[in-house]
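The structure under discussion appears below in the form of structure tokens.
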Amino acid sequence: MARPDAVNILIVDDVPEKLLALSALLEGPGVHIVTASNGREALRKLLTQEFAVILLDVQMPDMDGFETAALIRQRKQTAGTPIIFVTGYGDELHQAQGYSLGAVDFIQTPVLPDVLKTKVGVFVELFRMREQIKRQAEERITLAREQALRAAAEEATRRSEFLAAASTALTASLDLDETVRGLLRVVVPQLADLAAVTLAGEPAQPWRSVLGWAGANGIVQTAVADARTGPFDELRQIQDRVLATGEPELVEGLDVANPFSSLPDNAGQLYRALVLPLLARGRTLGALTLAQWTSCRGIGPPDRAVAEDLADRAAIALDNARLYRDIRDADRRKDEFLAMLSHELRNPLAPIRSSVEILRRLGGEAPDMRWARDVITRQLHHMTRLIDDLLDVSRITRGTIKLQPVPTDLGAVVARAIETVRPMIEAREHHLSVRLPEGPVPVIGDPTRLEQVAANLFNNAAKYTPTGGRIDISLRTEKGDAVLSCKDTGVGIPEEMLEQIFQPFTQVNRTLDRSEGGLGIGLTLVKRLVEMQGGSVCALSDGPGKGSEFIVRMRLTDRGVWVDEKRPVHQAAENGASDQQAPAGKSRTHRRILVVDDNVDGAQSLAMLLRTVGHEVQVHHDGLRALEAARTFRPDVVLLDIGLPGLNGFEVAERLRGQSGGGELLLVAITGYGQASDVRRAQEAGFDHHFIKPIDPDVLQDLLSRPTRNAECAMHGTPTRSASEG
Ligand code: ADP
């Protein structure tokens, strides 16, 4: 078997003995002899194999050696293969014919072995050398190709790594400004010496870019540039064009001076800029400028494919950040609106409350009259609750609600909450069963807020349970938890809504009989308030018509003494709501009272109420008049609204305190602003008391019957809430 690197020699002769003899002479290591007994066979073999040399007998029947040689020369693949003729004729004519047919040599028979070996050996060596050169050339080509492929793969990896890192940086934040600066940090210095992000449609138009460049210390710095900054006119025009057309532009030979002192000294001027549109959702959101210094003149522009890919990703990230900002803005505006709305809605409640109180004090015991008064009172309380809920929700979403957790007896809290909803339960003829543990159930929580949570759940049970249904309230302890359950036989809740009902403004069925109203925020408050106090709440129901159960869990505590152990047995009607409860008749302490409120109805009705109990009252609707009146009327008490036109209530209070005899005045703020900061400001301005509208007439009357001023500004909220949060 021939070695794979053996060199082929073809011997063509019609005489088998000669073939044998020649083969025997030439055989050796590294050589492979192929024989053919005529010209045609030789040509066939030449089709499939390559030979270092052909030994060709001249005299052969059919096709002689010369004819065979002529055909060999005609084929492109074999045209250069050396042919040595083996012949008995040594005449010159013969030889000339042979050379003309491409022979390289002649060997006379009888053959001299050494001569033959030497001559053939030369061609074998030549062939070997040629083969080696060919192999080396191929190896070099393969190597070069591999190197090129590796470099391309490395470049592709580098690009994709760069783009992946860029994507990470771009999606790290949803803040628009952060995203812009993140983009600049990604492109400098890899793609640009100085980069700019110009956003279309941003407030600081006509032109505002954020620039990024590598400072002298190599750290990427960013700064906002606007139309006034630096000699950027040329660049700005290109950016404006890209913003208008949405088409990228590459500009060379710029002449823009270095705008910042913190740029490296050798930076020179801006020479080249690639400005790419930032396109998202079919709109040109802005432009990304990748600029290079004069020092980069010899270097090509930044890798366009990478830059464009990056611009696409950046556009999506910026679009997302912008959408997120818009949503947040809308949300903030909604929260502000809710806060403002609930504040404004409080104002009309004050005069209504005063007026109904006047009616009550004026008497009139006809059953219809009493009924009408009670309706107004009840609806007023309902309205106050709704507005308070609204305020609470906006406080919770803005994160401004503050709880005052103390060790609390949850049993007492639950009992009080039951009392607040008992009238509704009785009105609907529900069967109420209550199971509370004998002893206290100590938890850490804000008692007012916990009562609000429980009352909300009980109120819902009454609201969503038809007349005659059952409501079971139980409180128990279980594995270190206090577990409050409120179960009803009411309308039930579909399974898919059991989680959702805790989301703001979610109601299962808006077409339901809405006689009890509701804004779909009660359960949101319940959940947030419970969770803020470390507890949890969940809803259970077997489906529509099958009743519901709400379960609140709070951790039990063994800490301290709780302040709230007294449980009410009977509910006194809500403050100011009942004819029998309030002390009728004239007050024993008669005061000179100045009422100042720009809400005319509010001021007049409060004044009238005060007059009915024997006080002397003057009314004014703005601060300056009030100050003047105070000098002549010389009141003992000033009931002062804060949101007044011109001088606000704080300023009026300060000036009143400064007037002669002002130190003795009882100064009472009556306002819709119930934030902790408002109370503090009221105190600083010299107020003795701070009331949230609508004012409770009994609490006010009680205050007016006391002889002296308080040392500190006291806070008076609505009956069920502390209004000390903003
Ligand atoms: P509102 O009662 O003002 O609509 P809530 O936040 O208190 O708002 O309740 C949200 C919704 O959850 C209600 O509209 C009602 O569809 C459902 N829901 C609450 N409590 C019950 C209950 N006890 N039984 C049936 N559905 C209830």
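The values are calculated or read from the model by the stated rules, or taken from the named source; none is laboratory data. Predicted, not measured: the structure shown is a model, and the values here were computed from it. We place every Cβ from the backbone using ideal geometry, glycine too, and count neighbours over all the protein chains shown. Each accessible area value is taken on the protein alone, full model and side chains, heavy atoms only, with ligands, DNA and RNA left out. Shrake-Rupley method; radii C 1.70, N 1.55, O 1.52, S 1.80 Å.
Yes/no matrix, rows are residues, columns are (1) among the β-branched types (Val, Ile, Thr); (2) outside the structural domain of Cys538 (by TED's automatic domain parsing); (3) within 13 Å of Asp488 (Cβ to Cβ):
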{"site": "Ile418", "(1), (2), (3)": "yes, no, no"}
{"site": "Ile425", "(1), (2), (3)": "yes, no, yes"}
{"site": "Pro437", "(1), (2), (3)": "no, no, no"}
{"site": "Asp446", "(1), (2), (3)": "no, no, no"}
{"site": "Ala462", "(1), (2), (3)": "no, no, yes"}
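Could you go through the stretch 412-433 and let me know if any residue there is modelled with pLDDT of 85 or more, in a strand (DSSP E or B) and open to solvent by 60 Å² or more (accessible area, probe 1.4 Å). The answer is yes, given that some residue of the stretch 412-433 is modelled with pLDDT of 85 or more, in a strand (DSSP E or B) and open to solvent by 60 Å² or more (accessible area, probe 1.4 Å). All conditions in (1) within 30 Å of Val15 (Cβ to Cβ); (2) without any contact (Cβ under 8 Å) to a residue 12 or more places away in the chain; (3) open to solvent by less than 60 Å² (accessible area, probe 1.4 Å) hold for Ala156, with the sole exception of (1).
So which residues in the stretch 436-459 are modelled with pLDDT of 90 or more, open to solvent by 30 Å² or more (accessible area, probe 1.4 Å) and within 46 Å of the chain's Cα centre (by Cα)? Those that are modelled with pLDDT of 90 or more, open to solvent by 30 Å² or more (accessible area, probe 1.4 Å) and within 46 Å of the chain's Cα centre (by Cα): Leu436, Ile444, Glu451.
Matching residues to (1) part of a helix (DSSP H, G or I); (2) at pLDDT 90 or above; (3) over 34 Å from the mean Cα position of the chain (by Cα); (4) not hydroxyl-bearing (Ser, Thr, Tyr):
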{"site": "Gly253", "(1), (2), (3), (4)": "no, no, yes, yes"}
{"site": "Phe260", "(1), (2), (3), (4)": "no, no, no, yes"}
{"site": "Gly298", "(1), (2), (3), (4)": "no, no, yes, yes"}
{"site": "Arg313", "(1), (2), (3), (4)": "yes, yes, no, yes"}
{"site": "Asp331", "(1), (2), (3), (4)": "yes, no, no, yes"}
{"site": "Lys334", "(1), (2), (3), (4)": "yes, no, no, yes"}
{"site": "Leu338", "(1), (2), (3), (4)": "yes, no, no, yes"}
{"site": "Ser342", "(1), (2), (3), (4)": "yes, no, no, no"}
{"site": "Pro351", "(1), (2), (3), (4)": "yes, no, yes, yes"}
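Is it true that Leu390 is open to solvent by 10 Å² or more (accessible area, probe 1.4 Å) and touching a residue at least 60 places away in the same chain (Cβ under 8 Å)? Yes, satisfied.
Of all residues in the stretch 352-370, exactly one satisfies the criterion of being charged (D, E, K, R), touching a residue at least 40 places away in the same chain (Cβ under 8 Å) and surrounded by fewer than 17 Cβ atoms within 10 Å (Cβ to Cβ), namely Arg370. Out of everything in the stretch 512-530 that is near the ligand (Cβ under 8 Å from one of its atoms) and in a loop (DSSP other than H, G, I, E, B), what residue ends up being modelled with the lowest pLDDT? The residue in question is Leu512.
Scanning the stretch 396-411 for residues that are part of a helix (DSSP H, G or I) and either more than 14 Å from Ile473 (Cβ to Cβ) or hydroxyl-bearing (Ser, Thr, Tyr) (or both) yields a count of 2.
Restricting attention to the stretch 351-376, the residues that are within 18 Å of Ile692 (Cβ to Cβ) and either among the basic types (Lys, Arg) or touching an Asp or Glu at 6+ places or on another chain (Cβ under 8 Å) (or both) add up to 2.
Is it the case that Val617 is of a type outside the set (Gly, Ala, Ser), in a strand (DSSP E or B) and within 52 Å of the chain's Cα centre (by Cα)? For Val617, the condition - of a type outside the set (Gly, Ala, Ser), in a strand (DSSP E or B) and within 52 Å of the chain's Cα centre (by Cα) - is not met. Of all residues in the stretch 522-542, those that are over 19 Å from Leu391 (Cα atoms) and among the hydroxyl-bearing types (Ser, Thr, Tyr) have Cβ atoms under 8 Å from Cβ atoms of residues that are open to solvent by 50 Å² or more (accessible area, probe 1.4 Å) and more than 15 Å from the ligand (Cβ to nearest atom), 6 or more apart or on another chain, in Ser536/Arg553.
Cβ separations smaller than 7 Å between residues 6+ apart or across chains give the following pairs from the stretch 43-62 residues that are assigned by TED's automatic domain parsing to the domain that holds Gly98 to residues that are aromatic (Phe, Trp, Tyr): Ala52/Phe123; Ala52/Phe127; Val53/Phe123; Leu56/Phe85; Val58/Phe66; Val58/Phe85. Please determine, by comparing only the residues of the stretch 483-511 that are near the ligand (Cβ under 7 Å from one of its atoms), farther than 19 Å from Val414 by Cβ and more than 31 Å from the chain's Cα centre (by Cα), which one is modelled with the lowest pLDDT. Result: Asn509.
Among the residues of the stretch 531-547, those identified as more than 15 Å from the ligand (Cβ to nearest atom) and either under 13 Å from Val483 (Cα atoms) or assigned to a loop (DSSP other than H, G, I, E, B) (or both) are Gln533, Gly534, Gly535, Ser536. Of all the residues in the stretch 462-495, those that are crowded, with 17+ Cβ neighbours inside 10 Å and without any contact (Cβ under 8 Å) to a residue 24 or more places away in the chain number 0. Among the residues of the stretch 73-124, the ones that are touching a Pro at 6+ places or on another chain (Cβ under 7 Å), open to solvent by 40 Å² or more (accessible area, probe 1.4 Å) and not in a strand (DSSP E or B) come to 0 in all. Hey, can you tell me all the residues within the stretch 371-387 that are in contact (Cβ under 8 Å) with a residue 24 or more places away in the chain and farther than 18 Å from Ile521 by Cβ? Selection gives Arg373, Asp374, Ile376, Thr377, Arg378, Leu380. The residue that is nearest to Asp57 (Cα to Cα), counting only those in the stretch 22-32 that are of a type in the set (A, V, I, L, M) and crowded, with 16+ Cβ neighbours inside 10 Å, is Leu22.
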